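Working notes, beginning with the structure itself.
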Amino acid sequence: MASASSTSARSLFVDSKMRLADRVQVNVNNIASLARQIQRGSRSSEILMHSMKNFTPQEHTLENSDTYLRKLLLMTAHYEYQLDAIEKIRRAECSSYVGKD
């Protein structure tokens, strides 16, 4: 009986050892997967930072362009007022010459 008990114990030990090895392998695979995901996340962060560094000067350029466009619109409005004033003066001068004939 001792022999049967010993064989049964060995069988249980080998079985437990195999299950433990399987669990260890699963954990190693999970850790490797986690490491890959962390590495991908790190790359994503680097790409995002690089994009942000490239975008920041463009944002400044866009703000400057917007400012200059607003100034140009204001200057255009002033030139239109001046042109209207010049045309009114010209019409007044033309009508005064017409009246002298």
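The aspartates and glutamates within cross-link reach of Lys88, meaning a Cα-to-Cα straight distance under 13 Å and a gap of 8 or more places when in the same chain, are Glu80.
Net length available on complete extension from Leu72 to Ile38 is 7.2 nm, with 0.36 nm assigned per residue and the Cα-Cα distance removed. A crude spin-label estimate for the pair Ile47 and Ser5, with each label 7 Å from Cα along the Cβ direction, gives 6.4 nm.
We did not get these values from a lab; they are worked out from the coordinates using the rules stated. Worth saying up front: this structure is predicted, and the values here are computed from it rather than measured. Note that we place each Cβ from the backbone using ideal geometry, even for glycine, and neighbour counts take in every protein chain shown.
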